[in-house]
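In what follows, a single structure is set out as structure tokens and then discussed.
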Amino acid sequence: QVQVVESGGGLVQPGGSLRLSCTASGRIFRTYTMGWYRQAPGKQRELVTTVSSSGNTNYADSVKGRFTVSRDNAKNTVYLQMNSLKPEDTAVYYCNADVVSLPTMSRGNYWGQGTQVIVSS
């Protein structure tokens with residue numbers, strides 16, 4: 001079994017910063033791409049950013065220059081540093097991990113339960 005758990009959400013004023021963390025745990029053989037997605041009320045879930053196991057990153061245009069993704073491969077953990085937050089960044093942020101699990105060596109995508117980010121004055 002693989003678990004993905006996010007933390008670090010909360011309420012922040014416009015222009016402020018938050019740092020989200022996400023850890024994949026359980027019987028993991030290898031973790032490939034990890035990423036952050038978000039879903040605002042009444043909208044579809046959308047990609048925020050991804051980072052490969054080698055450190056290659058990809059960002060949505062809406063967050064480029066404001067958000068930074070990083071990861072610690074030894075801890076199967078990915079971070080999202082969010083700066084210059086805007087009200088339109090308000091959403092539930094979900095972590096995704098592409099994982100090969102033991103003992104079956106099967107590969108699958110695992111999602112966390114989400115963490116709420118509210119940007120409001």
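The values are calculated or read from the model by the stated rules, or taken from the named source; none is laboratory data. Bear in mind the structure is a predicted one, so any value in this text is a computation, not a measurement. Heads up: the accessible areas ignore ligands, DNA and RNA and are worked out on the full protein's heavy atoms, side chains in. Shrake-Rupley method; radii C 1.70, N 1.55, O 1.52, S 1.80 Å.
With q set to 0.20 Å⁻¹, the log10 of I(q)/I(0) for region 10-121, from the Debye formula over equal scatterers at the Cα positions, is -1.02. How much of the calculated P(r) for region 62-121 lies past 15 Å, in percent of all Cα pairs? For region 62-121, the share of Cα pairs beyond 15 Å comes to 63 percent. Normalising the average separation of contacting C-alpha pairs (under 8 angstrom, six or more residues apart) by the number of residues puts the relative contact order of the chain at 37 percent. In this structure the amide hydrogen of Gly16, modeled in the peptide plane, comes within under 5 Å of the amide hydrogens of Leu85, none closer than 5 places in sequence on its chain. Under 5 Å between amide hydrogens, built in the peptide plane, is the criterion, and for Ile28 it picks out Leu102 among residues at least 5 positions away or on other chains. Can you send over the carbon and sulfur percentage of the accessible area for the chain, probe radius 1.4 Å, protein chains only? Carbon and sulfur together cover 46 percent of it. Relative to the current alpha-carbon distance between Trp111 and Lys64, full extension at 0.36 nm per residue lengthens the span by 14.6 nm. Solvent-accessible surface of region 22-94, averaged per residue with a 1.4 angstrom probe and all protein chains in place: 52 square angstrom.
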